[in-house]
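The values are calculated or read from the model by the stated rules, or taken from the named source; none is laboratory data. These numbers were taken from a predicted model, which means no experiment stands behind them. When we count neighbours, we look across all protein chains shown, and the Cβ atoms used for this are built from the backbone with ideal geometry, even at glycine. The area values use the complete protein model at the heavy-atom level, side chains included, leaving out ligands, DNA and RNA. Shrake-Rupley method; radii C 1.70, N 1.55, O 1.52, S 1.80 Å.
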Amino acid sequence: MEKDLIPQLIGREEIATLARAGVIPANTPPDILKVFAITANQHKLSPFKKEIYLIPYKGTYSIIVGIDGMRAKAARSGLAAGKDDAKFDLQADGTYQTAAQLVNGKHYPTSCTVTVYKVVGGTRCPFTKTVLFREYCPANPPATSKWLTMPFNMIEKVAEAHALRMAFADEVAGLNIEEEEYAIQDLTIESVKGTEQEEAYLHEDYVSEIIACKTKSELKALYERQKQGFENGTKLAALYYDAIVKHGKSLPE
């Protein structure tokens with residue numbers, strides 16, 4: 001029986017191809033490759049389509065998938081029964097903010113709450129999870145990062161992934177999504193709490209306004225207004241300026 005669960009391991013050429021494509025790290029140990037191959041086989045996900053891949057961190061490896069793969073696996077169970085709209089900054093009294101409200105106020109979310117539903121014994125049951133933005137958003141996002149351009153969408157996926165793991169453990173247990181990668185590697189705001197990187201890149205009074213700029217001229221005007229808040233020559237000022245430059249590269253004049 002066990003033999004049937006273990007797929008034919010891919011050959012050296014395929015391993016080299018996957019390493020060049022960034023699907024698996026170079027020189028991944030054979031036992032890790034075996035676990036990865038078995039996991040991909042059992043979840044019916046293709047590493048060659050990058051539906052599933054490996055990331056290394058401090059001598060360990062984590063298996064990463066896309067949120068669509070987790071949704072598909074939940075749907076294939078025949079028990080998935082929908083999902084509520086995300087709630088941001090949910091309070092103890094039940095009040096919360098929508099993405100539109102936070103965007104209008106030029107604020108990042110503090111938290112995101114998602115509820116997914118599963119049919120259990122004929123009853124539609126809720127599985128709810130709240131996650132904190134600072135525990136998943138990178139402290140130093142690259143210029144092309146969707147955490148800069150689509151922060152609400154990114155943290156909603158993280159909350160949904162957690163809720164899906166609660167509801168459909170048999171289908172998606174042990175899988176992480178791409179949006180959780182920075183948390184796995186301890187590269188989030190929370191991981192570098194109190195550092196200048198956190199303030200420069202994600203202080204809501206500054207970076208949310210940077211992201212809201214739609215043209216280079218608008219961004220330049222914002223910088224002229226805000227730069228007085230940073231002491232010239234400090235690392236914090238340099239990091240803030242770098243954030244301005246990175247966002248400006250994608251903007252029209």
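Here is how the numbers come out for the structure above:
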| quantity | calculated |
| --- | --- |
| Members of the range 10-40 that are modelled with pLDDT under 85 and surrounded by 14 or more Cβ atoms within 10 Å (Cβ to Cβ) | 10, 15, 17 |
| Index of the failed condition, residue 95 passing every other in (1) in contact (Cβ under 8 Å) with a residue 12 or more places away in the chain; (2) in a loop (DSSP other than H, G, I, E, B) | (1) |
| Residue in the range 66-78 that is touching a strand residue (DSSP E or B) at 6+ places or on another chain (Cβ under 6 Å) and either at pLDDT below 90 or on the phi > 0 side of the Ramachandran plot (or both) present | no |
| Test result for residue 81, outside any strand (DSSP E or B) and either surrounded by 16 or more Cβ atoms within 10 Å (Cβ to Cβ) or on the phi < 0 side of the Ramachandran plot (or both) | no |
| Odd one out for residue 175 among (1) of a type outside the set (Phe, Trp, Tyr); (2) under 20 Å from residue 52 (Cα atoms); (3) out of contact with any Lys or Arg (no Cβ under 9 Å at 6 or more places or on another chain) | (3) |
| Given (1) loosely packed, with under 14 Cβ neighbours inside 10 Å; (2) touching a residue at least 12 places away in the same chain (Cβ under 8 Å); (3) under 30 Å from residue 250 (Cα atoms); (4) aliphatic (A, V, I, L, M), index of the condition residue 120 fails | (3) |
| Boolean, residue 223 is at pLDDT below 70, surrounded by 12 or more Cβ atoms within 10 Å (Cβ to Cβ) and closer than 25 Å to residue 100 by Cα | no |
| Filtered residues of the range 129-167 (kept if among the hydroxyl-bearing types (Ser, Thr, Tyr) and open to solvent by 70 Å² or more (accessible area, probe 1.4 Å)) | 144, 149 |
